[in-house]
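Data first, discussion second: the structure below is written as structure tokens.
The values are calculated or read from the model by the stated rules, or taken from the named source; none is laboratory data. Here the structure is a predicted model, which means the values were calculated and not measured. A quick note on method: Cβ atoms are made from the backbone with ideal geometry, for glycine too, and the neighbour counts reach across all protein chains shown.
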Amino acid sequence: MTHSRTRIHELLGEGGLAPRRDLGQNFVADPNTVRRIATLANVGPGDHVVEIGAGLGSLTLALAETGAEVIAVEVDRGIVAVLRSVVEGLPNVTVVEADATKSDWTSMLGSRVGWTLVANLPYNVATPLVCDLLDDVPAVESMLVMVQKEVAERFAAGPGSKQYGAVSVKIAYWATAKVVAAVPATVFVPRPNVESALVRIDRHAPPDTDPGPLFELVKQAFGQRRKMLRRSLAGTVSPEQFAAADISPEARPEQIGLTEWCRLASVLSEALPKVPGVTEGARHLR
């Protein structure tokens, strides 16, 4: 049984709690919404789900109903106590009190692969958390995250759109992202001032390009996104290197797709001096 708006207020009152703005707490108070998220996550018996920011357990209960094994992660100690009482007796739910931005994911998830992450993410941590998970936690093979609408659009954006940026390139390197549903502000307690959306992110094999220098190049270019590449990358990319990568130096960052960024990064990498006994990865970190 998932939580209604009345039940959310009851749980907060019983625990002497209130939503914390510093943690970006907005609790989902609509059973239809959490069941829709659980359906879109496409999980069931035999699947393993990690939920970040489980809160009072609205989404946790819907995920548990699918029969999947769920690890519910929550950082707020007061909320954790309520969450444990909510899921008490559910054999397929484990509550973990932890800060997801600082967690040891290897210890939490163990050696198992094929995890699905499902989360109603606080707006202030959504982007760095998703990027860190893609970079460092390959055991998480898919994500279904509820974030601010503009952030969801940025995650899934392609070249040529105004939402396309450095984060879009990073996500495209690791995964395929798609906005799958809009979520109105009215389903939350308290009601946020922005609209939300659900974005699905599924890993794929990354390109054969070292991500470190690639992402640094992309970050530099988008740091001055209104400028042409020959200006934003001046001192980093020569006219000859633009030509070798078959990229116009007059183009702007939002016009360049992942394949082209990888091509440019590879041209730059080939121009670096070879240092005996130093690996490619180490050389890029110097």
Self-check item: Residue satisfying all of: in the stretch 242-253; assigned to a helix (DSSP H, G or I) and touching a helix residue (DSSP H, G or I) at 6+ places or on another chain (Cβ under 8 Å); surrounded by the fewest Cβ atoms within 10 Å (Cβ to Cβ) among these
Solution: Ala244
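Residues checked against (1) under 30 Å from Gly24 (Cα atoms); (2) assigned to a helix (DSSP H, G or I):
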residue: Pro192; (1), (2): yes, no
residue: Asp202; (1), (2): yes, no
residue: Asp208; (1), (2): no, no
residue: Pro213; (1), (2): no, yes
residue: Glu216; (1), (2): yes, yes
residue: Lys219; (1), (2): yes, yes
Practice problem: Within the stretch 193-211, work out how many residues are farther than 23 Å from Trp115 by Cβ and loosely packed, with under 15 Cβ neighbours inside 10 Å. | Solution: 4
Practice problem: Six or more apart or on different chains, Cβ under 6 Å: which pairs go from a residue in the stretch 229-257 that's under 25 Å from Gln163 (Cα atoms) to one that's polar (S, T, N, Q)? Could you list them? | Solution: Ser232/Gln224
Quiz item: In the stretch 161-188, what count of residues is obtained for those that are assigned to a strand (DSSP E or B) and either exposed (fewer than 15 other Cβ atoms within 10 Å of the Cβ) or in contact with a Lys or Arg (Cβ under 6 Å, 6 or more places away or on another chain) (or both)?
Solution: 5
Quiz item: Does any residue of the stretch 101-113 turn out to be farther than 29 Å from Asp135 by Cβ and either under 17 Å from the mean Cα position of the chain (by Cα) or surrounded by 14 or more Cβ atoms within 10 Å (Cβ to Cβ) (or both)?
Solution: no
Quiz item: Residues of the stretch 28-48 being surrounded by 20 or more Cβ atoms within 10 Å (Cβ to Cβ) and part of a strand (DSSP E or B), which ones?
Solution: Val28
Self-check item: Tally of residues being hydroxyl-bearing (Ser, Thr, Tyr) and closer than 13 Å to Ala119 by Cβ across the stretch 10-61
Solution: 2
Quiz item: Is it true that some residue in the stretch 1-21 is part of a loop (DSSP other than H, G, I, E, B) and under 19 Å from the mean Cα position of the chain (by Cα)?
Solution: no
Exercise. Scan Ala234, Ala265 and give me the residue that is at pLDDT 95 or above and outside any loop (DSSP other than H, G, I, E, B).
Key: Ala265
Quiz item: So which residues in the stretch 119-158 are surrounded by 18 or more Cβ atoms within 10 Å (Cβ to Cβ) and under 25 Å from Glu260 (Cβ atoms)?
Solution: Thr127, Val130, Leu134, Val151, Ala152, Glu153, Arg154, Phe155, Ala156, Ala157
